[in-house]
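Colleague: Below is the structure I would like to discuss, written out as structure tokens.
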Amino acid sequence: MAAPVSPLVAKMLTECLGKCAVEDRLAPDAKLVEDLGADSLDFIELQMMLEDQGFVAPDAAFTNHMTIADLERLAQPAPAQDGGAVSC
């Protein structure tokens, strides 16, 4: 069984695409363009939402084949840094 969609990603998709567009379609394998009707402007809005939350969202991540699971991966905290220690 696939993991449920996080509340953050569900909220972002609902705000961006509208409740009717995402209702009953929030599955990790759902494609943003094909299944939810997202377009390039929606990608820009989602990217800005992610960045406003402090996540890294590179342009290259937003493709016509992007799924909700891909969006979930972008909405994960970055791994902890090692404090910048330099080894010789």
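Colleague: Select from the stretch 74-88 the residues that are exposed (fewer than 10 other Cβ atoms within 10 Å of the Cβ) and closer than 21 Å to LYS11 by Cα and write down the one among them that is modelled with the lowest pLDDT.
Modeller: So, considering only residues that are exposed (fewer than 10 other Cβ atoms within 10 Å of the Cβ) and closer than 21 Å to LYS11 by Cα, the one modelled with the lowest pLDDT is ALA78.
Colleague: Inside the stretch 5-25, can you point out the residues that are surrounded by fewer than 17 Cβ atoms within 10 Å (Cβ to Cβ) and in a loop (DSSP other than H, G, I, E, B)? Spell out how you get there, then give the answer.
Modeller: Of all residues in the stretch 5-25, those surrounded by fewer than 17 Cβ atoms within 10 Å (Cβ to Cβ) come to 6-8, 10-11, 14-15, 18-21, 23-25.
Scanning the stretch 5-25 gives SER6, GLY18, GLU23, ASP24, ARG25.
Colleague: If the Cβ limit is 8 Å and pairs must be 6+ apart or interchain, which residue in the stretch 54-71 that is in a loop (DSSP other than H, G, I, E, B) pairs with which residue that is among the aromatic types (Phe, Trp, Tyr) and modelled with pLDDT of 95 or more?
Modeller: Sorted first by the residue in the stretch 54-71, then by its partner, the pairs are PHE62/PHE43; MET66/PHE43.
Colleague: Do we find that LEU41 is of a type outside the set (Ser, Thr, Tyr), part of a helix (DSSP H, G or I), modelled with pLDDT of 90 or more and out of contact with any Pro (no Cβ under 9 Å at 6 or more places or on another chain) in this structure?
Modeller: yes
The values are calculated or read from the model by the stated rules, or taken from the named source; none is laboratory data. Please read these numbers as outputs of a predicted model, since none were measured by experiment. Here Cβ is always computed from backbone atoms with ideal geometry, including for glycine, and neighbour counts include all displayed protein chains.
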